[in-house]
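In what follows, a structure is listed as structure tokens, so that the remarks can point back to it.
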Amino acid sequence: MALQDYVDIQVSFEAETVSRVGFGTLLFITEDTTEDPGTMTSVLGSLDEAEDAGYGTETEPYKFAQAAFAQDNGFSRLKIYHKDPDDQEESWVEAVGNAVDTDIDFYALAIESREAADIEAVAGNVEARTLLFIGVTADTDVLDDQDGTDIASTLLDQNLSRTGLLFKRDGNESYPEAAWFGRMLPDDPGRVNWAWKTLSGSGQTTDSFNSDERAALRDKRCNYYESVAGNSVTYEGVTSEPGIYLDIVRGIDWLQQRMQEDYIAVQTGRDQIPYVGGGEIIESEVVRRRLDIAVDRGVIADEYTVSVPNWRDQDPTDRADRHFPGITFEATYVGAVNSVKIRGTVSP
């Protein structure tokens, strides 16, 4: 039963440039035939468990798991869904839907395919789900600032806030998104910038770019991995919607999901929430409690506001239906610093 059937909480965020659940679990969709099509593995907690599940070292799930578990941040929640490679009717989008129907308990998503059409289709589908998708491309057209038909430009044109695209020159033979997810997912939402992160593992080599290529990547909101002052780092931690970053999407998703769960906990922990005075209870034990946690975690700033209507002002129909609408809050996400500009003068 969906929580939305009982509590309707919507958290939206706005950036100046736009008008507008295991959070640590990663799903990899593959055409590997180690398991039967339509099979979803239980959670794999280590590379050893992937081997015990029957994945040989030359299989794509093993290579993906190897990249994810090579990080030093305690990643331990990987699932594998097996798409049917012989079923032309099961597209990558349909595989996402079938995976969700099989087991909804995941948040991060990656696919084996590197084809632009597959990435675009999955990105469009994910936009309507509470998922975070990272696609990988090795298409050097992304590096051309005069090319507006590449996959990065296409995703950007669609303003897709739940997809991050990562360029990697060897992306057709490696799984940098597995390493990136493995590095980031163990951390709680908030206070964690997806940029400036080093990916462990022998296969995670950096790329080199000239200034024009780097500018094209940034203009098209395509992430990349390079060496900066001797440090291997991811950059910029963006989605394919201007002004929206991967950490912000994950933080807002966490806030919405946990606030829904808090409401259910309050309802089941009390004999009742009375209509008269109930708004204040919900404000205190659901909204402000979770917002305070979000402040502590660095998801939002501490100067938030909450507005709760008086029960007397509610529509009689809503009162008769025991529905209490109109509770709102406003908050500012904390965000992070990716780049800086400093000017100074030194005098004799």
Residues (in a loop (DSSP other than H, G, I, E, B) and either closer than 21 Å to LEU291 by Cα or in contact with a Ser or Thr (Cβ under 9 Å, 6 or more places away or on another chain) (or both)) located in the range 321-338: HIS323, PHE324, PRO325, GLY326, ILE327, ALA331, THR332, VAL334, GLY335, ALA336
Candidates THR130, THR198, THR205 - the one that is in the same structural domain as ALA70 (by TED's automatic domain parsing), surrounded by fewer than 18 Cβ atoms within 10 Å (Cβ to Cβ) and under 30 Å from LEU3 (Cβ atoms): THR130
For GLU90: the one exception among (1) surrounded by 15 or more Cβ atoms within 10 Å (Cβ to Cβ); (2) at pLDDT 95 or above; (3) not aliphatic (A, V, I, L, M): (2)
Residue list for the range 178-230, filter: within 24 Å of ILE80 (Cα to Cα), in a loop (DSSP other than H, G, I, E, B) and within 13 Å of the chain's Cα centre (by Cα): LEU185, PRO186, ASP187, ASP188, PRO189, TRP194
Evaluation of VAL136 against (1) surrounded by 22 or more Cβ atoms within 10 Å (Cβ to Cβ); (2) out of contact with any Leu (no Cβ under 7 Å at 6 or more places or on another chain) (one fails), failing number: (2)
Residue within the range 304-320 that is more than 21 Å from VAL266 (Cα to Cα), in a helix (DSSP H, G or I) and touching a His at 6+ places or on another chain (Cβ under 9 Å) present: yes
Some residue of the range 258-271 being surrounded by 16 or more Cβ atoms within 10 Å (Cβ to Cβ), at pLDDT 95 or above, under 30 Å from LEU132 (Cα atoms) and in contact with a strand residue (DSSP E or B) (Cβ under 8 Å, 6 or more places away or on another chain): no
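The values are calculated or read from the model by the stated rules, or taken from the named source; none is laboratory data. Worth saying up front: this structure is predicted, and the values here are computed from it rather than measured. For neighbour counting, all protein chains shown are included, and Cβ atoms are generated from backbone atoms with ideal geometry for every residue, glycine included.
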